[in-house]
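Following: one structure in structure tokens, then a few remarks.
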Amino acid sequence: MHMHMASSLSVEEIRHKINTSPINELMKDIDTYDEFLTAEYNRITEPYRIAMHRVTELKKQRREEEIRNCDHDFERFCEYHNDVYFTCRKCGYEK
């Protein structure tokens, strides 16, 4: 089966074929199904991935602004004798 033949099938039809066809029949078309389903999945999820990336960027900017605008009150921590770090009690910034 070629890619254009797979694209003429719906995702539901491919799912049905995968669940009901004999294994030897599936093996000859499995790469085509894989390519089609991957492309279809990427097309459907692209708007969500773009939106989630933007949300992640905005959260990062918000956190950077919180740290930049904080009047830090650092507390010293030592986990090991040579491992010293400081954490702000107000915003949680670690240095």
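The values are calculated or read from the model by the stated rules, or taken from the named source; none is laboratory data. From a predicted model like this one, the values you see are computed outputs, not experimental measurements. Positions of Cβ are backbone-derived with ideal geometry, glycine not excepted, and every protein chain shown enters the neighbour counts. The protein model used for the area step is the full one, side chains on, heavy atoms only, and it has no ligands, DNA or RNA in it. Shrake-Rupley method; radii C 1.70, N 1.55, O 1.52, S 1.80 Å.
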Tell me, yes or no, whether the stretch 44-57 has at least one residue that is of a type in the set (D, E, K, R), touching a helix residue (DSSP H, G or I) at 6+ places or on another chain (Cβ under 8 Å) and under 23 Å from SER8 (Cβ atoms).
-> no
Cβ pairs under 9 Å, 6+ apart, first in the stretch 21-35 and closer than 16 Å to SER10 by Cα, second open to solvent by 100 Å² or more (accessible area, probe 1.4 Å) and part of a loop (DSSP other than H, G, I, E, B) = THR32/HIS2
Wholly within the stretch 1-74, which helices (runs of 4 or more DSSP H) include no fewer than the required count, namely at least 1 residues that are surrounded by 13 or more Cβ atoms within 10 Å (Cβ to Cβ) and in contact with a Ser or Thr (Cβ under 9 Å, 6 or more places away or on another chain)?
-> 3-7, 23-69
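Inside the stretch 77-95, can you point out the residues that are open to solvent by 100 Å² or more (accessible area, probe 1.4 Å), in contact with a strand residue (DSSP E or B) (Cβ under 7 Å, 6 or more places away or on another chain) and part of a strand (DSSP E or B)?
Kept after step one, since they are open to solvent by 100 Å² or more (accessible area, probe 1.4 Å), are these residues of the stretch 77-95: 79-82, 89-90, 94-95.
Now restrict to residues that are in contact with a strand residue (DSSP E or B) (Cβ under 7 Å, 6 or more places away or on another chain): 89, 94-95.
The answer is GLU94, and nothing else.
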